[in-house]
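Novice: One structure follows; several queries about it will come next.
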Amino acid sequence: MLYFSQTWRRARRLRRRTRLAVAGLALAGLAATLVAGGPVANAHPGQPSAVFDPGQVGWAGIRNRTVAQFDQDLADWKRRGHVVVDIEVDTFDGEPSLGAAFQTNVDGRDWQVETMMTKAQYDAYFDQMKKAGYRLVDREMYVHRGVWNFSAAFVENVEKLSWHARYGLTLAELDEYAREQRKDRRMPIDFDMYRTSEGIRYGLVTLANVENRDWHLHGDLTDAQFSATFDAYDADGFRMLSFDSAPPPSSCTAASSSTTTVGAGGCAAR
């Protein structure tokens, strides 16, 4: 679970700092074997707030879609003037079930989503989109018929913000990576965690923290710890943005931008 702060946008609160918690994206290590489809996580394009987190904005969501239906939905919502802000994929029933969240594309920037990619295809697509001036917003990794698959959402990097992404991290590596990204003045916008045959693995996407928001990331909380952590951040004026969770061998754990084995998201001041 991740928590970060932002300047409140409304005129009467211009001097008030708000705080937002965000859980980013985590991916299982490539050398490990994914045990199950895994729970869904949440992502958010992040800054600038005027574009991706305005005080009021139209939005829409889809879920339980086949790949063909999902591809058509993406084209439909792009035509209607929306931008994707989150994608989800699970294979609980054997075949991929996809979903997404959209909001009004206030500045008309381009965006692209690809699903059902092999690792090699994803790596090539990642390089292609980065060179073309896009940045990663959300990445999903899952096993379908015994093969690793990737899905990814990119938005046009109009502001040319610095960003970075990694996956397949242990908890210790996640913590170190988060420290490095904070030092480089970036903050998480997407977080994932899920169980593999070699244990829980994490992934993170970070973006230049140009608005200087405070944030906190936790990747190893039990369900009880998550509830207590959520309440504490909520009382301190944070709002949740995203969370993720992974089933342990015998009980559920959560991850968030706060602390976890259960995954949980972000919070920002009201």
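Novice: Among the residues of the stretch 192-202, is any touching a helix residue (DSSP H, G or I) at 6+ places or on another chain (Cβ under 8 Å), of a type outside the set (Asp, Glu), surrounded by fewer than 24 Cβ atoms within 10 Å (Cβ to Cβ) and in contact (Cβ under 8 Å) with a residue 40 or more places away in the chain?
Specialist: no
Novice: From Arg201, Arg270, Arg185, grab the single residue that is modelled with pLDDT of 85 or more, in contact with a Gly (Cβ under 8 Å, 6 or more places away or on another chain) and closer than 28 Å to Val84 by Cβ.
Specialist: Testing whether each residue is modelled with pLDDT of 85 or more, in contact with a Gly (Cβ under 8 Å, 6 or more places away or on another chain) and closer than 28 Å to Val84 by Cβ leaves just Arg201.
Novice: Do you know which of the residues in the stretch 147-177 that are closer than 29 Å to Thr91 by Cα and among the small types (Gly, Ala, Ser) is surrounded by the most Cβ atoms within 10 Å (Cβ to Cβ)?
Specialist: Per the stated criteria, the residue is Ala153.
Novice: Applying the selection to the stretch 235-249, what residues are farther than 12 Å from Trp215 by Cα and modelled with pLDDT under 75?
Specialist: Ser242, Pro247, Pro248, Pro249
Novice: Mind listing just one residue for me: the one in the stretch 28-69 that is surrounded by 24 or more Cβ atoms within 10 Å (Cβ to Cβ) and of a type in the set (A, V, I, L, M, F, W, C) and, of those, modelled with the lowest pLDDT?
Specialist: Ala28
Novice: Quick check, is Ser151 within 15 Å of the chain's Cα centre (by Cα) and within 30 Å of Gln56 (Cα to Cα)?
Specialist: yes
The values are calculated or read from the model by the stated rules, or taken from the named source; none is laboratory data. Worth saying up front: this structure is predicted, and the values here are computed from it rather than measured. Ideal geometry is used to build each Cβ from the backbone, glycine not excepted, and the neighbour counts take in all protein chains shown.
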